[in-house]
Amino acid sequence: METTVEPDLLLCISPDNRMLHVGPAAEVLPHVALSAAVDPKARAVQRPAPLEVYDVTGRRVAPAELQRLAEAGGRRARKAPAGFGDPDRFVPVQRPARESKRVLLRRIYASLDFAQAYLTEHPEAGNQGPSIPAATEVPRPVGTYEEVLQALAAQLAPLDPDVQSNRGNWFHNLWHAANGTS
């Protein structure tokens, strides 16, 4: 069975591979920009690590392009918060270039390993809701880089910054808990 991959999927990953968000540009970019904004009243004890952004071809996306990508696309784009040029939110790009998809897959799997280690040490982070057994394993999609992005986007959805920036399903919440940004 062939997987249909959304052409506007983005991988947002920290340089240390400890934070990961994946989704369509119009959803993931406003979400991560809002998540990176520090609210002095928020419970988060630390600021999220700045993110690197890659498209489905493995091209590193410069922060200067992010606002346009956040507001483009076939979906009704949300107005993204300012701050895409902030080096504390998005790692600056000296020369936009393609990264090997094999390298990006290794980074994704390293990130999933990090999340699994946190879940193993903190089983309560797998809470999926009342009457649903707690998750004990993080999703581990296999396939090409594009197929893995599509599978992770489905697992991490929805990314709705209008609800709460650091809240979502158990898998999404796991990343924020593991990074102290929940």
Please rank Arg106, Arg95, fewest neighbouring Cβ atoms within 10 Å first, as an exposure proxy. Arg95, Arg106
When His21, His122, His176 are ranked with the fewest other C-beta atoms within 10 Å first, the list becomes His122, His176, His21
³J(HN,Hα) across the stretch 150-155 via Karplus (A = 6.51, B = -1.76, C = 1.60, θ = phi - 60°), whole Hz, x for Gly/Pro? 4, 5, 5, 4, 5, 5
Give me Glu52, Glu6, Glu124, Glu71 ranked fewest to most by other Cβ atoms within 10 Å of their Cβ, as a rough exposure proxy. Glu124, Glu71, Glu6, Glu52
Quick check: net charge around Lys101, other residues with Cβ under 14 Å of its Cβ, Lys/Arg +1 and Asp/Glu -1? +2
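A short reminder: the numbers here are calculations on the coordinates, not readings from a lab. In this text the structure is predicted, and so the values were computed from the model without any measurement. Cβ: placed from backbone, ideal geometry, glycine included. Neighbour counts: every protein chain shown.
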